[in-house]
Amino acid sequence: CAELYEGGIGDPTRAAELYELAYVAVVAQELPAAEKLKLLERVERLSRAVGDPPKLAMTLKRRADLLDPQLARQQLFEAATIEMHGLQDYGAAIATLKRLLELSPNDIAALRALGEACERQQRWSDLAETLERELAALGTTDPARSLQARFKLGVVLDTHLELADEALVQFQAILDVK
């Protein structure tokens, strides 16, 4: 029936809804992951075609549950990008990025995106923790970005968390860079 709406009738929104219903039925019947993926791929394609960002983000996260960690990481990052920039749902983006970081704890792009979402939500302690994680993940690979992250961490510690001594440690580390 969904294929009829997709092709013959030309109603991709209704087709996506029917594929979504089929997905729910497949999950309830505990059918193999391949069946679930096939339906989710169709929902994803149609969600992109009709411009339905909430459904697309949800579908990408569902697909991530069924994929290997590397492919799941890509799906989750795209979902978080949609949530953050398309939907301005920073809370959802934070949850999605935390899920991604469970799969890939040192993913610099995910850590930066998580930092941005935490900042927009004014979740200062989470932002400080994220910046510390980013600094650890960067190591010595990107000195310029490390300085930026360290400075921002110092500002957050001082201005928002009122941890002046810890902020001074960050600022001193910046001055110590040769």
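For the range 112-124, the condition of being in contact with a His (Cβ under 9 Å, 6 or more places away or on another chain) and either of a type outside the set (Phe, Trp, Tyr) or open to solvent by less than 80 Å² (accessible area, probe 1.4 Å) (or both) holds for at least one residue. Determine, yes or no, whether THR13 is open to solvent by 50 Å² or more (accessible area, probe 1.4 Å) and either farther than 22 Å from GLN121 by Cβ or assigned to a loop (DSSP other than H, G, I, E, B) (or both). Here the answer is yes, as THR13 does meet what is asked. Remark: pairs (first residue in the range 10-23, without any contact (Cβ under 8 Å) to a residue 24 or more places away in the chain; second residue outside any helix (DSSP H, G or I) and of a type in the set (A, V, I, L, M, F, W, C); Cβ separation under 9 Å; 6+ apart in sequence or on different chains) = LEU18/CYS1; ALA22/CYS1. Only one entry of GLU166, GLU132 meets the criterion of being in a helix (DSSP H, G or I) and within 22 Å of LYS98 (Cβ to Cβ), and that entry is GLU132. If we scan the range 18-33, do we find a residue that is modelled with pLDDT under 90, part of a helix (DSSP H, G or I), open to solvent by 30 Å² or more (accessible area, probe 1.4 Å) and among the hydroxyl-bearing types (Ser, Thr, Tyr)? Within the range 18-33, not a single residue is modelled with pLDDT under 90, part of a helix (DSSP H, G or I), open to solvent by 30 Å² or more (accessible area, probe 1.4 Å) and among the hydroxyl-bearing types (Ser, Thr, Tyr). Answer yes or no: is there a residue in the range 81-97 that is within 22 Å of GLU132 (Cα to Cα), surrounded by fewer than 20 Cβ atoms within 10 Å (Cβ to Cβ) and not hydroxyl-bearing (Ser, Thr, Tyr). Yes, because at least one residue in the range 81-97 is within 22 Å of GLU132 (Cα to Cα), surrounded by fewer than 20 Cβ atoms within 10 Å (Cβ to Cβ) and not hydroxyl-bearing (Ser, Thr, Tyr). Inspect the range 104-124 for any residue being free of Cβ contacts under 8 Å to residues at least 40 places away in the same chain, more than 25 Å from the chain's Cα centre (by Cα) and not in a helix (DSSP H, G or I) and give the result as yes or no. Checked against the condition, which is being free of Cβ contacts under 8 Å to residues at least 40 places away in the same chain, more than 25 Å from the chain's Cα centre (by Cα) and not in a helix (DSSP H, G or I), the range 104-124 yields no hits at all.
Taken over the range 38-88, the criterion of being in contact with a Pro (Cβ under 9 Å, 6 or more places away or on another chain) and of a type in the set (Val, Ile, Thr) is satisfied by VAL50, ILE82.
Contact map, the range 129-144: first residue in contact (Cβ under 8 Å) with a residue 12 or more places away in the chain, second residue open to solvent by 30 Å² or more (accessible area, probe 1.4 Å) and basic (Lys, Arg), Cβ cut-off under 7 Å, separation 6 or more or different chains; pairs are LEU131/LYS152; GLU134/ARG112; LEU135/ARG150; LEU138/ARG145. For the range 59-79, a tally of residues being assigned to a loop (DSSP other than H, G, I, E, B) and either touching a residue at least 12 places away in the same chain (Cβ under 8 Å) or farther than 14 Å from THR96 by Cα (or both) returns 3.
The values are calculated or read from the model by the stated rules, or taken from the named source; none is laboratory data. Because the structure is a prediction, the values reported are computed rather than measured. Positions of Cβ are backbone-derived with ideal geometry, glycine not excepted, and every protein chain shown enters the neighbour counts. Accessible surface areas use protein heavy atoms only, side chains included; no ligands, DNA or RNA. Shrake-Rupley method; radii C 1.70, N 1.55, O 1.52, S 1.80 Å.
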